[in-house]
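Notes for the one structure printed next.
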Amino acid sequence: NKWVLNASQIEKIFSLSDKYKEMSDTMTGFWLWFPCEITGELIYNKKKWHFSINAAATAEWSDGKETIYWGCSREKCDDMFILPYPGRSYIGGGGKLIW
């Protein structure tokens, strides 16, 4: 199986995610990391951003000067990631973690 996201899912992830100014803020929320990413570019507020979405429910935007970190802890995000946010109460977030 291959992890893929369509444009609609990518938009949904960013609309459901919380924004963090620093990576340390993201890490304190008990986020995981997975060696799989989807990258691309987007335009937001007339500015071009490079984005990277990690399969463990985190992401970042960078315009070369500024970086914004994202984390999606809502259950609505779980099906879009290989490793959903684990911090709610148990590993796997929504309990849908399948290897």
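Each reported figure results from applying straightforward, stated rules to the coordinates on display, with no laboratory input. Only a predicted model underlies this, so the values are computations on that prediction, with no experimental measurement involved. Heads up, the Cβs are rebuilt from the backbone with ideal geometry, glycines too, and the neighbour counts pull from every protein chain shown.
With the simple model of a label 7 Å out from the Cα in the direction of the Cβ, Thr67 to Glu11 spans 2.8 nm. Where a ≥ b ≥ c are the square roots of the eigenvalues of the C-alpha gyration tensor, would you call the stretch 7-80 rounded, which needs a/c under 1.5, or, failing that, prolate if a/b is larger than b/c, or oblate? Note, shape of the stretch 7-80 comes out oblate. Of the chymotrypsin sites (Phe, Trp or Tyr not before Pro) found in the stretch 1-73, the ones in coil according to DSSP and having at most 15 other Cβ atoms within 10 Å of their Cβ are Trp3, Phe30, Trp33. List, in the order given, every pair from Lys19/Lys48; Lys21/Lys76; Lys19/Lys47; Lys48/Lys76 whose Cα-Cα distance in the structure shown is over 20 Å. In this structure, Lys21/Lys76; Lys48/Lys76 exceed 20 Å between Cα atoms.
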